[in-house]
Structure formats: C-alpha cells, structure tokens
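Okay, structure first, notes after.
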Amino acid sequence: MDRRALLNASLVCARSLRANLKSVESPDGRPRSLLVAGGGQFHSVWTRDFCFAAGGLLAAGETQAVRDTLDALLAHQRADGLIPRLLDSYSPLTRFARAMLGSRIPLKAPLKPNFISDHFVSSIDSNALLVWATCRYAIAADQPAWAGLVLPKLEKAMAYYTDRLKNGLVRQPPFSDWKDTVSARRGAVFFTQLHRWKALQALSRLHRHLGRVSEAARRESEARAFARLVDRAFWDETRGFYRDTLVRNRLSCDSNLAAVAWGFASEERSARVVRAIDRAGLWSPWGPRAGERYRASEKGWLVRLAGVAGYQDDFVWLWIAALGLQALRRTGRKALLERTLRRVAALLERDGAVSEVYDPETGAEIKTRLYRSEKPFSWSAGMLLETLRELLDNPALAEEASCDTRS
C-alpha cells in the first residue's frame, strides 16, 4: 500500500475530527473544546461516539479536547453512577427536526445531560466506554493527579453494572446499545460484554500507572475471569464466530471484529472469525457490512420510514472497517488488507471527509428523501485515524502475517 495514500487518508480523518471540535464555555467561563458526533443531526456530545473517537483525537494531538470532553461528561454523572448518553443545548428531537429542515443549531452553554433515549432506555455501554476512554487519556497524557480525582467516578460507573448482571453477564433492554434501531439486541449482548471487559482492563492499567499494585491485580483478575465467562457463553463452535446475543447465533461484524482487533479472541478463533465473515458474504470492497440482516419486524419503524432499513446491519460503517483492518492485520490477511485499505483511501479522497454510512454495493454515501448520512462523522474518523496512524508509524504492521496467510 502506497504510504502517501495512507497519509492522505489519515489527513482526511484528522480534518473530519477537527471539524467537529466545538468551543463551548464551561461553567467557570473557560472555553472548552468538545467533540460533537457529527456536522448535522448529531451535532451534540454523544458519549459513545466520543469514547470510540478518543484514540484518534490523541493520535491527532488533540489531547486537550479529550480532557475537556471527559470533564464535561463526568461532571454530569448521575447519583447512581450512570453517565449521560449525550450533552446538548437542546433536545435531540429539536436538533433532528432542524437538521431535516437543513439548518444547524449551534452547541452552546449551558449543556444539559440526556440520559434517556426516544425508546425510553439509557445507554448500557456509555459507562464502560467512558471508563475506557478516561483511562486511556490519563495514561497517555500522564495525568496521575487528575486521574486520582476522577477515579472514584470511574469506580462508581463500573459499579452501575452490578445490578444489571445475571449469571455474570450484563443484561440490557432493546435499543440500548449502538444498534439502537434494532429490537433484537437485548438480554446478554456480546458487544456490551466486550465493552465491560475493556473497561476492567483499562482500570487495571490505570491503577498500575498510579502505583496501586494490589487494586491493579484485582481488576486484572476480574477482567480475565469475565473474559473466560464471555468466551464460553458466546462462542459458536459450529459456525466459527461469537453470536450476537445468547438467544440468536446471528453474526454481527462489530463485536466479532472488535474481539479480534482488541485481542479478546485467541489466534485460532480470530482466524475463524475472519473466515466466517468471508463465508457470510459480509465483506464489501470498503470493509464489512454491519452484520447479518435482522428481520424487518426487529427494526424500528423510523428507519424503515426513512428508507434506511439497512442502517445497522446492511450498510458499511468505517469505524467497523477500521476494526476490520486491524483484524486482517492480526490474522495475516495481507492481500485483503491492502485491497480494503486502497478502496477506503480512494473513498476518502473522493469525498474529502468521513461520512457515517455507505452503500455496500457502490460505496456511495447513504442519502434518501428523509435521511442523509452524517458528515463529517467523528466516531469513524477517530477510529480510522488511529488505525491508519498505526500503519504509518510502523509500516511493518502492514507486512505482518501471523496465523492465516490466505487472501
């Protein structure tokens, strides 16, 4: 893969991220740089999107924006430990309606926390993701004093899951994770378990960074035990992937590729996961579709009305493509890695920004009469930038082959 093409693609990602950094006055009057999720209807501080994009912000040198956004979110933690799903000056409905009319409402103080979605549920993954992002920042920026101050909030955020465990696994209502238009994502969901595992790992590393060796060991032991439980519960030996939920053995690319990219899956299972995605026909030229299709009855009425029924199963999201690129590198799929990188780089050069969702057949940005793909889109820009920087900083990664060298 041409290094210049990788560099140009990473620059598009960095520009997309910086376009979504907004200056908002803090309660003490100081201007803060906050990351919003997108340039239109998602022009709010979405916890999930920010946390996934945080690694890209750090790679781009936007350390202060990470700190400011973390501070803003942690300041609104609820008494029971719940982290807001988003911060905004207006209601999500107002912002969505204005965006559909082609106008943008600026983000301004005071920011109000939103904990409950239009499906009347909280975001089950916000707590774990914010713990992960906070620990990453504290270690990368070497901020032990600040980390010590926010550590009680992080512990409280993790304790929030205690009453939501059944047989050791986090249980959730429908519409409460990122696939918030799909009713089938309910009960014990594999991706949510991965988020909790990542948060436990991150807490262990932070405690070790702060010199709290015994607490670090306790969290590390907890993470390992939880990983073993999750692995046993979700692995489908027959089809060779981690099932989406305990009740359905549907293949969802988000969680399976994350399991490979984050080192959750063993070398042998990682190779099987990538082959399973191949067999299912889910890999488009620009990366994987979100997963196997859900039934129409399992999807919210709004996405069907808007003409985007494939929003969270059939469409291509570049943050999942970023996980896919990491998974291909880890499993030695060099030829497919290079082909996908080339097509993603060409797509970014064509559009000049990172968009939210793409057509898996044409690579075009999704656009209907009632829905327009968010652009620029922070979540994908951040994760893709982080992946591209890894390849740029260590070109040998692109040449690496480990456990499966077939293309």
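Since every read-out is calculated from the coordinates, none of them should be taken as a lab result. Note that the structure is predicted; figures quoted are calculated from it, not measured. Reconstructed Cβ throughout: ideal geometry from the backbone, glycine too, with neighbour counts over all protein chains shown.
Summary of values
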| item | result |
| --- | --- |
| Computed label-point distance, nm, for sites Glu268 and Trp301 using a 7 Å Cα→Cβ extension | 4.9 |
| Under 12 Å, Cβ to Cβ, from Ala9 - net charge with Lys/Arg +1 and Asp/Glu -1 | +4 |
| Order of Val247, Val260 - criterion: other Cβ atoms within 10 Å of each residue's Cβ, fewest first | Val247, Val260 |
| Under-5 Å amide H pairs with Lys108, H placed in peptide plane, nonlocal only | Ser89 |
| Environment charge at Thr245 (Cβ cut-off 10 Å; Lys +1, Arg +1, Asp -1, Glu -1) | +4 |
| Packing-based exposure ordering (other Cβ within 10 Å, fewest first) of Asp49, Asp351, Asp71, Asp180 | Asp71, Asp351, Asp180, Asp49 |
| Members of Lys153/Lys198; Lys22/Lys179; Lys299/Lys334 lying beyond 24 Å, as alpha-carbon distances in this model show | Lys22/Lys179; Lys299/Lys334 |
| Prolate/oblate/rounded call for the chain, Cα gyration tensor, a/c under 1.5 rounded | rounded |
| Amide hydrogen neighbours beyond the local backbone of Asp244, cut-off 5 Å, H modeled | Arg250, Ser252 |
| Long-range tail of P(r) for the range 291-372 (Cα pairs > 20 Å, %) | 41 |
| Summed residue charge, Cβ within 9 Å of Ser117's Cβ, Lys/Arg positive, Asp/Glu negative | -1 |
| Residues of the range 268-285 with amide N under 19 Å of the 7 Å Cα→Cβ point at Asn249 | 269-282 |
| Order of Ser284, Ser126 - criterion: other Cβ atoms within 10 Å of each residue's Cβ, fewest first | Ser284, Ser126 |
| Cut-off under 5 Å, modelled amide H: who pairs with Ser284 long-range | Arg289 |
| Computed lengthening from Ala280 to Glu155, 0.36 nm per intervening residue step minus Cα-Cα distance | 41.0 nm |
| Projected label distance in nm at Ser117 and Leu165, using a 7 Å step from Cα toward the beta-carbon | 2.4 |
